[in-house]
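Report on the following structure.
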Amino acid sequence: IDFDLILENVKDLNALAGEGVSQIQHTPGGARLRQPEPLPLTLYQNGIVMFNGPFRPYEDPSTQQCLQDIMDGYFPSELQMRYPDGI
């Protein structure tokens with residue numbers, strides 16, 4: 001696992017997702033600025049935790065697919081169900 005590549009691509013993906021950019025959210029009385037919700041990802045020596053969920057060892061095929069998506073420069077495909085309109 002290329003941790004340097006993962007960290008570099010996560011920075012790029014964060015920029016694509018609008019990190020640090022506020023969005024306008026319309027409210028009944030006007031509008032307000034809203035920051036995008038962060039997607040927590042913690043990398044450990046032997047696995048990952050995403051969304052404060054369960055620990056996922058690197059040997060797990062779903063974890064390998066998630067990290068491969070990131071190393072390829074894409075958002076993890078497993079997020080498509082959770083975010084059908086994109087991140």
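Things worth noting here:
- The chain: trypsin sites (Lys or Arg not before Pro) in DSSP coil with no more than 16 other Cβ atoms inside 10 Å: Arg82
- Labels on offer are [x] 108; [y] 125; [z] 89, and the one holding volume of the Cα convex hull per residue in Å³ computed from this structure is [x].
- Selection from Leu79, Gly18, Ile1 lying farthest towards where the dipole of the chain points positive, charges on Cβ: Gly18
- In degrees, nearest ten, helix 61-71 long axis to first principal axis of the chain (Cα): 60 degrees
- Remark: the stretch 24-34, residue by residue, has Karplus-estimated 3J(HN,Hα) of 7, 10, 6, 10, x, x, x, 7, 8, 7, 10 Hz, where x stands for each Gly or Pro and the curve is 6.51 cos²θ - 1.76 cosθ + 1.60 at θ = phi - 60°.
- Here the stretch 3-82 is treated with +1 on each Lys and Arg Cβ and -1 on each Asp and Glu Cβ, and its dipole about the Cα centre works out to around 480 debye.
- Placing unit charges on the Cβ atoms of the charged side chains and taking the dipole of the chain about its Cα centre, the candidate lying farthest along the positive direction among Leu41, Gln65, Gly30 is Gly30.
- Around Lys11: net Lys/Arg minus Asp/Glu count, Cβ-Cβ under 12 Å: -4
Computed from the coordinates by the stated procedures, all read-outs in this text should not be read as laboratory data. This structure is a prediction, so every number in the text was calculated from the model and none was measured. A quick note on method: Cβ atoms are made from the backbone with ideal geometry, for glycine too, and the neighbour counts reach across all protein chains shown.
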